[in-house]
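Here's the structure, in structure tokens; my notes come after.
The values are calculated or read from the model by the stated rules, or taken from the named source; none is laboratory data. Every value quoted in this text rests on a predicted model; they were computed, and no experiment measured them. No Cβ is skipped: glycine too gets one built from the backbone with ideal geometry, and neighbour counts run over all protein chains shown. Surface areas here come from the heavy atoms of the whole protein model, side chains and all, with no ligands, DNA or RNA. Shrake-Rupley method; radii C 1.70, N 1.55, O 1.52, S 1.80 Å.
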Amino acid sequence: MNTGMILERARLLLEQGRTNDAIKEVKQFLHQEPENDEALSLYARCLYDKNEITEGIEITRQAIRINPENSFYFYLLAFGYYKKDENPAALDNLSRAISLNPYIPEYYGLSAFVHLEEKDFELALAKADEGLAVDPENITCLNARSTALNKLKRTDDAIETMQDALAQDPDNEFTHATVGWNFLEKGKHKDAAKHFREALRINPDHRNARAGLKEALKSKIPPYKWLLQYSFWVNNQGKKARWIIPIGLYIVVRILSGLLGSNESTSLVGGIIVALYLVFVVTSWIINPLANFFLLFHRDGKYALDLTEKWTALTVVSSLVLGCIFFVPALTIGPNDGVYPALVIVAVIFWLMALPLGDIQYPLSFKNTRTANKAALILVSTGLLTILLAFIYFPAAIITGAIFAIGFVLNNWLGVFR
């Protein structure tokens, strides 16, 4: 079998989703011709498909060393960097790809999506339009253009572009997912859910559409819908806004509560502002697992949740309920009873523990490299130890409870910067 036939078979296997079979074909071929740049680029695509991005980037670099005049290899390298969220490197390689071959619209389309990630919506729109000048029917550029217009609040133009994209290819799952996210950002969760369902009908394994459908279904809960819109707004302000806005909001609340609280006539208003802020903060902490708990009983939602989402929903709700179960008898017996302090500290620990329980990844493993997962496991372990000691030796529970409280505060503040 000649070179072209072997690589074509591997390419077909990759398109069919049989990535491992495609890798076997490519590896067998590379064993005979290790310096074949076309085979290396196909191998890199397979690695990307398996989410082995770093390895795919290295293989793509090998292909470029062999054939540095092939524009597609720079596009492939840029895609790897884009997946790793290394956008400056992605843009550099896309610029090189376009300079080598300015007549491929996909290069402009990916460039537009990178600029969208960087919150440079005007430049994203410009790049999408450049790609559409090459091919007015290019789906990637149409999707990027509609998203950019949506971010720029040019709603009518965005809808027109979405309709053009769907007219070009009504069975494109990528387009339906993009349209769904655009509707979701506008608060139209019913329209969004319709397009996410259509994307999943076309491709049941489309992860972006599955994630979007979960968000659309959870948006039926008003507090979740409001917080999701707030999240979209914050993310559209830029990367630094994710931690600048919460800190700024905290400072403003502190200043207002201090000014209003110093005057008897306005102290009530100050208290209300602080109470509303605390409700907002606590709700933002636990609303996601609570919404997932709601999806457990939804016809579509229960199939959309993964293992981690199901377990965090159950453990967070259980922790909140257990906190109430221990706090009610504490209110009944009063502070003069000897068991009262233990009941109160156990109730508070259960309530606070709901937050780290929502950060744990399943199946359980301390080997998970995510900082949030390790911190959550440590906090939950400390909380459970405090609960146990509260009924065995209360002075020790005070110490472990203080450690838990310090870790809880640090984890939440540091989590803003992750």
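Some notes on this structure:
- Taking the listed residues L217, L213, the one that is open to solvent by less than 10 Å² (accessible area, probe 1.4 Å), within 30 Å of T308 (Cβ to Cβ) and among the aliphatic types (A, V, I, L, M) is L217, with no other qualifying.
- The lone exception for A22 - which of (1) open to solvent by less than 50 Å² (accessible area, probe 1.4 Å); (2) out of contact with any Cys (no Cβ under 6 Å at 6 or more places or on another chain); (3) over 21 Å from F113 (Cα atoms); (4) of a type in the set (A, V, I, L, M, F, W, C) it fails: (2)
- For first residues located in segment 225-250 and at pLDDT below 75, partners that are open to solvent by less than 30 Å² (accessible area, probe 1.4 Å) and lie 6+ apart or on another chain with Cβ distances below 7 Å form the pairs A241/V234; R242/V234.
- Residue in segment 287-305 that is charged (D, E, K, R), in a helix (DSSP H, G or I) and either at positive phi or open to solvent by less than 60 Å² (accessible area, probe 1.4 Å) (or both) present: no
- Against the numbered list (1) of a type outside the set (D, E, K, R); (2) touching an Asp or Glu at 6+ places or on another chain (Cβ under 6 Å); (3) buried (at least 16 other Cβ atoms within 10 Å of the Cβ), L76 comes up short only at (2).
- K151 being modelled with pLDDT under 95 and among the basic types (K, R): yes
For (1) in contact (Cβ under 8 Å) with a residue 60 or more places away in the chain; (2) farther than 22 Å from E160 by Cβ; (3) hydrophobic (A, V, I, L, M, F, W, C), each residue gets a yes or a no:
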| site | (1), (2), (3) |
| --- | --- |
| Y107 | no, yes, no |
| E117 | no, yes, no |
| D135 | no, no, no |
| I139 | no, no, yes |
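- Segment 79-98 residues that are over 15 Å from K119 (Cβ atoms) and open to solvent by 70 Å² or more (accessible area, probe 1.4 Å), paired with ones that are outside any helix (DSSP H, G or I) and not hydroxyl-bearing (S, T, Y) (beta carbon under 9 Å, 6 or more apart): K83/N51
- Matching helices (runs of 4 or more DSSP H) fully within segment 163-228 where at least 2 residues are of a type in the set (V, I, T): 173-185
- Filtered residues of segment 274-323 (kept if within 17 Å of the chain's Cα centre (by Cα) and aromatic (F, W, Y)): W285
- Segment 4-19, residues that are of a type in the set (G, A, S) and open to solvent by less than 20 Å² (accessible area, probe 1.4 Å): A10
- Residues of segment 26-78 satisfying the condition of being over 31 Å from the mean Cα position of the chain (by Cα) and of a type in the set (F, W, Y): F29
- The C-beta contact set for segment 148-159 (first residue more than 12 Å from A124 (Cα to Cα), second residue among the small types (G, A, S), distance under 7 angstrom, 6+ apart or interchain) comprises A158/S146.
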